[in-house]
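Notes to accompany the following structure.
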Amino acid sequence: MKNFISVSDVSDINALVKKALEYKADPFKDKALGANKRIGLLFLNPSLRTRLSTQVAAQQLGMEAIVFNVDKEGWALEFEEGAIMNGTTVEHVKDAAPVLGKYFDILCIRTFPSLKNREEDYSEMYISQFIKYAGVPVISLESATLHPLQSLTDIITIKEYLLNSPLRAGGKPKIVLTWAPHIKPLPQCVSNSFAEWINAWGEADFVITHPEGYELAEKFTKGATITHDQDEALKDADFVYVKNWSAYNDYGKMHSSDTSWMLTNDKLQQTNNAKVMHCLPVRRNVELSDEILDGPNSLVTQEASNRVWAAQAVISTLLTSPKGGI
Amino acid sequence: MKNFISVSDVSDINALVKKALEYKADPFKDKALGANKRIGLLFLNPSLRTRLSTQVAAQQLGMEAIVFNVDKEGWALEFEEGAIMNGTTVEHVKDAAPVLGKYFDILCIRTFPSLKNREEDYSEMYISQFIKYAGVPVISLESATLHPLQSLTDIITIKEYLLNSPLRAGGKPKIVLTWAPHIKPLPQCVSNSFAEWINAWGEADFVITHPEGYELAEKFTKGATITHDQDEALKDADFVYVKNWSAYNDYGKMHSSDTSWMLTNDKLQQTNNAKVMHCLPVRRNVELSDEILDGPNSLVTQEASNRVWAAQAVISTLLTSPKGGI
Amino acid sequence: MKNFISVSDVSDINALVKKALEYKADPFKDKALGANKRIGLLFLNPSLRTRLSTQVAAQQLGMEAIVFNVDKEGWALEFEEGAIMNGTTVEHVKDAAPVLGKYFDILCIRTFPSLKNREEDYSEMYISQFIKYAGVPVISLESATLHPLQSLTDIITIKEYLLNSPLRAGGKPKIVLTWAPHIKPLPQCVSNSFAEWINAWGEADFVITHPEGYELAEKFTKGATITHDQDEALKDADFVYVKNWSAYNDYGKMHSSDTSWMLTNDKLQQTNNAKVMHCLPVRRNVELSDEILDGPNSLVTQEASNRVWAAQAVISTLLTSPKGGI
């Protein structure tokens, strides 16, 4: 593994999941691995779980973690090649990234999409430019189109649950990704990424359900069953992953605020007593009801706490990859 | 001790003071205690001394301290049960706190009052909700109505002074909490808390003086002598604690900006060569005169530096409490 | 060395450069030196390289580094003696600095000039007040008129280059500081400081070139050749240091935005294949052309990465100075 940007950086998902669960069982077992190494966490956008879980994971590996809020403590970066910088950007990624690569052994970066220009967002220029110029491994803390640490966490959480409570019927679990209402347009990152990872993992019957107009990019969903009928989708589901996203086709728009798509206990009746997941933050009683979040089917706290082990498995793998460039 | 929110969490104030002074004499004696443990410092409001002294204290105990500015690096939290979150709050404390409790062994939180709704502020909903959902010990870095780390520091500072310079007369010291002028309404936290701790400590003759209209909540002041006559209060005082606060009854209002209440050397003449204390930050020549702050009677720097030992004693106690939940 | 504010704090520049290059060869050789010591980094203004390189340097010496954004996480400080603080400032440096001096073994501070009042900026009141009241060694992370960590880095980078590629002709290198265009008025700090250090170092033929009206303060440039003819200045240069600055005489103003002063490969033809330096951040194609920054003559990444070794040499020297007050 040279970087951790998408599922295609990972050669063996199950091995990475196994590594994460081993860290959960023994958090400090590799504390010597990161001695005298440093990880830089660069934020162009806010973060709570991703920031803290990555700091915690790095510390458990004995690394020094340094957080830098580029947006607040630094200044606006330029990413366009050949730009004449007479506007609001103060420093080019071509100058900032190689210097940061000298200060740190691994760089992590969070950068959100604009939701205004699809071509630009989906080109992943920001994170690609960082990788191009940093000279050290780069970990995505969520980019314009993907959130791989979240998706790895999600598979860890599903696998962990199945290890403790195997399906009675045997066979593959049915996993449903369902669109949820929200009050403003959100990125497609978590949904794209979840679809990409579940498809690559290949150990589930995977169904995506959303109102018309919310089709995700086919390159991420290819292989999944897609339906606009939430009831049909939920039938016999073992896991329901709840998430809002804005439109990909009519880019960044909200077509529907159909509150009937919010998951409730009543809807859960149709499932196989499904466990409910969400990446957080969640707007209660808009995206997901109190009754589900506070009820026995919710995995959200366990899921969020597993963020630590996902980050720790990824950092550890980059530290030990012969081609990691470290 | 399960949490550290008010004096009622402490079974033996003098034992805690003694512990703090032992750390002052030997800061790193318990550096092994916090190995592989983490403390999270969450700020919903600005802080200088509280933030830095708590970080320093944690590091001296060998813990990793991670600071998170919820207000600036994160997003607005919701604290109301059952809220339909279609407004400005992005995440509920019921979802955030348990996750933070998985990342950290101890959580610290600072949250100021609105000064608009007394009932709400005095319900201490924010910090109570955190304690309810965090699942790990919580330390108040100042809440809506109290500032216990400051008050513990104040008693440490008084005790330290008396150990080095016992009162000639013997008996209890006379401690006066006096209101001071300010240019805008401040919380009652420091004053409430000082009153609560000095009363619980019980080793002082305690007088509170303020202009009419600035009565503090009786549940904190009960047991103290209260007077509107500052001169009478200052007479023979051994310690004068200076602080502005806004009205409790006509909640959050400033009734008086009577500059004659500012402590001066002239007023100090009436005291028993009293030592002067203030929690800082202080507006010079508004709350307190240069002549006092720069003169021989001021304890403010020593007091502020003692914040480290107060925090260290509290963290250490939580780390070793059998019921601390750690 | 008691503080690190200007070149006059340094008794032997070459010894400090040597120490820095030794750390570059073996970053962790003095990791025991800073054990149980703490360095506080206070920012009144934004920073990227200075902040991160100083954190990295401190960690490599085994110190705990704590960053505090005074401007964002704290509140406005007052620096005027005798101020009646009934305005926007909340705490006086006379109260904040001694407390910080109790929490930390070394304090670092960054504070920019206003560019409005020359007398005030050039009095360096902010950093002088900090030194006066802190009671521990103070390191400038850039002040109103100087940037000594940058200038030490610049000499380290020049020396390092010359060690690997000695001048064919022997003798002293010709070093040119050239003004560059910008879109807004910048401080004179980096240019003042570079001039001061190169003059004090004494191992170069030093030429400064700028358009009329951009004369720097003589106390820093005294000893250098000054010309308004950039072509003449660049002739046979071995190093070209590129930087924009606003006027010193007509204080803080931009007199010219003459884009012909931007360094290009064409202009480099006149030099002795000169190496090009810049402190970063640089506005590409305004201050410096892509062709130079991306070409073989640029030292900017190496220069910026050397910031770590400059900071490490300075911190290490302060930690071991018998009069360092630590």
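The values are calculated or read from the model by the stated rules, or taken from the named source; none is laboratory data. Note that the coordinates shown come from a computational prediction; the quantities given were computed from them, not determined experimentally. Note: ideal-geometry Cβ built from the backbone for every residue, glycine included; neighbour counts use all protein chains shown. Heads up: the accessible areas ignore ligands, DNA and RNA and are worked out on the full protein's heavy atoms, side chains in. Shrake-Rupley method; radii C 1.70, N 1.55, O 1.52, S 1.80 Å.
Could you go through the stretch A:63-74 and let me know if any residue there is under 27 Å from B:Asn36 (Cα atoms), touching a Lys or Arg at 6+ places or on another chain (Cβ under 8 Å), more than 14 Å from every other protein chain (Cβ to nearest Cβ) and surrounded by 20 or more Cβ atoms within 10 Å (Cβ to Cβ). Scanning the stretch A:63-74 turns up no residue that is under 27 Å from B:Asn36 (Cα atoms), touching a Lys or Arg at 6+ places or on another chain (Cβ under 8 Å), more than 14 Å from every other protein chain (Cβ to nearest Cβ) and surrounded by 20 or more Cβ atoms within 10 Å (Cβ to Cβ).
Reported count of residues in the stretch A:27-39, each being at the interface with another protein chain (Cβ under 7 Å from one of its Cβ atoms) and either on the phi > 0 side of the Ramachandran plot or assigned to a strand (DSSP E or B) (or both), is 2. Looking at C:Thr111, C:Thr145, C:Thr153, just one residue is out of contact with any strand residue (DSSP E or B) (no Cβ under 7 Å at 6 or more places or on another chain), under 24 Å from B:Arg284 (Cβ atoms), more than 14 Å from chain B (Cβ to nearest Cβ) and open to solvent by less than 10 Å² (accessible area, probe 1.4 Å), and that residue is C:Thr111.
Considered as a group, the residues in the stretch A:283-326 that are modelled with pLDDT under 95 and touching a helix residue (DSSP H, G or I) at 6+ places or on another chain (Cβ under 7 Å) include one that is nearest to the other protein chains (Cβ to nearest Cβ), and that residue is A:Ile326.
Return the residues of the stretch C:161-184 that are touching a Lys or Arg at 6+ places or on another chain (Cβ under 8 Å) and either of a type in the set (Val, Ile, Thr) or not in a strand (DSSP E or B) (or both); say none if nothing qualifies. Working first, answer last.
Step one: filter the stretch C:161-184 for residues touching a Lys or Arg at 6+ places or on another chain (Cβ under 8 Å), giving C:161, C:177-180, C:182-183.
Answer for the stretch C:161-184, where residues must be touching a Lys or Arg at 6+ places or on another chain (Cβ under 8 Å) and either of a type in the set (Val, Ile, Thr) or not in a strand (DSSP E or B) (or both): C:Tyr161, C:Thr178, C:Ala180, C:His182, C:Ile183.
Could you say whether any residue in the stretch B:14-26 is farther than 30 Å from A:Ser289 by Cα, open to solvent by 10 Å² or more (accessible area, probe 1.4 Å) and part of a loop (DSSP other than H, G, I, E, B)? Yes; the residues of the stretch B:14-26 include at least one that is farther than 30 Å from A:Ser289 by Cα, open to solvent by 10 Å² or more (accessible area, probe 1.4 Å) and part of a loop (DSSP other than H, G, I, E, B). Selection of the stretch C:297-322 for residues being open to solvent by 20 Å² or more (accessible area, probe 1.4 Å) and assigned to a helix (DSSP H, G or I) yields C:Thr301, C:Gln302, C:Trp309, C:Thr317, C:Leu319, C:Thr320. Filtered by the rule that a residue be touching a strand residue (DSSP E or B) at 6+ places or on another chain (Cβ under 8 Å) and closer than 20 Å to B:Asp258 by Cα, the stretch B:163-185 gives B:Val176, B:Leu177, B:Thr178, B:Trp179, B:Ala180.
B:Arg118 - would you say it is charged (D, E, K, R) and modelled with pLDDT under 95? No. Within the set B:His278, B:His255, the sole residue that is surrounded by fewer than 21 Cβ atoms within 10 Å (Cβ to Cβ) and outside the structural domain of B:Leu48 (by TED's automatic domain parsing) turns out to be B:His255.
Selection of the stretch A:92-102 for residues being within 15 Å of A:Ile66 (Cα to Cα) and surrounded by fewer than 23 Cβ atoms within 10 Å (Cβ to Cβ) yields A:Gly101, A:Lys102. Among the residues of the stretch A:1-13, those that are outside any helix (DSSP H, G or I) and not charged (D, E, K, R) comprise A:Met1, A:Asn3, A:Phe4, A:Ile5, A:Ser6, A:Val10, A:Ser11.
Against the conditions (1) under 22 Å from B:Met63 (Cβ atoms); (2) surrounded by fewer than 22 Cβ atoms within 10 Å (Cβ to Cβ); (3) touching a residue at least 12 places away in the same chain (Cβ under 8 Å); (4) within 13 Å of chain B (Cβ to nearest Cβ), C:Thr89 satisfies every one except (1). Residue selection: A:Ser128 fails the criterion of being away from chain C (no Cβ under 14 Å) and part of a loop (DSSP other than H, G, I, E, B). Looking only at residues in the stretch C:185-203 that are assigned to a loop (DSSP other than H, G, I, E, B) and touching a Phe, Trp or Tyr at 6+ places or on another chain (Cβ under 8 Å), the one that is surrounded by the most Cβ atoms within 10 Å (Cβ to Cβ) is C:Gln188. Taking the conditions (1) open to solvent by less than 30 Å² (accessible area, probe 1.4 Å); (2) within 14 Å of another protein chain (Cβ to nearest Cβ); (3) in a loop (DSSP other than H, G, I, E, B) in turn, B:Ser246 satisfies each one other than (2).
Within the stretch B:122-142, the set of residues being open to solvent by less than 10 Å² (accessible area, probe 1.4 Å) and under 20 Å from B:Ala83 (Cα atoms) comprises B:Ile127, B:Phe130, B:Ala134.
Looking at the stretch C:259-276, is at least one residue closer than 30 Å to C:Ser123 by Cα and either at pLDDT 95 or above or not in a strand (DSSP E or B) (or both)? Before the answer, list the steps.
Going residue by residue through the stretch C:259-276, those that are closer than 30 Å to C:Ser123 by Cα are none.
No, there is no match, as no residue in the stretch C:259-276 is closer than 30 Å to C:Ser123 by Cα and either at pLDDT 95 or above or not in a strand (DSSP E or B) (or both).
Considering the conditions (1) closer than 24 Å to A:Thr54 by Cα; (2) without any contact (Cβ under 8 Å) to a residue 12 or more places away in the chain, A:Asp290 is excluded by exactly one of them, (1).
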